[in-house]
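Structure, as structure tokens:
The values are calculated or read from the model by the stated rules, or taken from the named source; none is laboratory data. Nothing here was measured: the structure is a model prediction, and the numbers come from that model. Cβ placement follows ideal geometry from the backbone for every residue including glycine, while neighbour counts extend to all protein chains displayed.
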Amino acid sequence: MKKLESSLTNMVVVLVAAALLMGGVLAYINELTKDTIAAQAEKNLTDGITLVMGGGQLNVTSTDTVKQTIKGKETAFVVHHVANAGKSLGAAVESITQGFGGDLKVLVGFDPEGNILGYTVLTSTETPGLGAKADKWFQKDGKGCVIGKNPSKKPLTVRKDGGEIDAITASTITSRAFLSAINHAYEAYMKK
């Protein structure tokens, strides 16, 4: 068999063929897994709502989308109103903001008065070992506890900015972004 001569045309043809083949493989795998990924995301949201609202038998009674303009950009917040045996427990609010490493999506639970019941980080691209600590740092035993606080009394900010919350060590940008997400979630909840 004769070896193909190395030319620009041959290299381009081989490169395009390889790119098309790999693109097709990726599209096929995406099609195979999209339902599983969507189901897992829905389960994570359901589990997250249960977690941030304190657990137990909860029912999401309604879901609203609240739009706010933040830094000149329209942002949508999803408010999941939660009840137990017909009694309103408050709401779990999905909030997204820009962190150090990209988008930081947080689910925050509020009681009817606006006190924070809990939170969970839904998605994060923050630095492992630094900004990624946000999922635990702001919990009850953490140095920057936000549980039980009400953003209406005083917006949540880090000590470095005159607030009461300790920032994650070496991760002030992520801490600011996280607290901003909670403050904006509270505003969306109050607009419900």
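Data overview
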| quantity | calculated |
| --- | --- |
| Test: residue in the range 18-37 that is touching a Leu at 6+ places or on another chain (Cβ under 9 Å) and either exposed (fewer than 10 other Cβ atoms within 10 Å of the Cβ) or closer than 24 Å to Val106 by Cα (or both) | no |
| Which numbered condition Asp135 misses (of (1) farther than 19 Å from Ala41 by Cα; (2) among the charged types (D, E, K, R); (3) modelled with pLDDT under 90) | (1) |
| Residue within the range 65-74 that is assigned to a strand (DSSP E or B), touching a residue at least 40 places away in the same chain (Cβ under 8 Å) and charged (D, E, K, R) present | no |
| Yes/no for Ser62 being at pLDDT 85 or above and either outside any strand (DSSP E or B) or closer than 30 Å to Thr169 by Cα (or both) | no |
| Positions within the range 75-104 being closer than 27 Å to Pro128 by Cα, part of a strand (DSSP E or B) and in contact (Cβ under 8 Å) with a residue 60 or more places away in the chain, in sequence order | Thr75, Phe77, Val93, Glu94, Ser95, Ile96, Thr97, Gln98, Leu104 |
| Residue check for Thr46: closer than 28 Å to Val82 by Cβ and exposed (fewer than 10 other Cβ atoms within 10 Å of the Cβ) | no |
| Restricting the range 161-192 to residues that are in contact with a helix residue (DSSP H, G or I) (Cβ under 8 Å, 6 or more places away or on another chain) and part of a helix (DSSP H, G or I), the residue that is surrounded by the most Cβ atoms within 10 Å (Cβ to Cβ) | Phe178 |
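Okay, residues lined up against (1) surrounded by 12 or more Cβ atoms within 10 Å (Cβ to Cβ); (2) of a type in the set (Val, Ile, Thr):
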site: Thr65; (1), (2): no, yes
site: Lys73; (1), (2): no, no
site: Ala92; (1), (2): yes, no
site: Gly101; (1), (2): yes, no
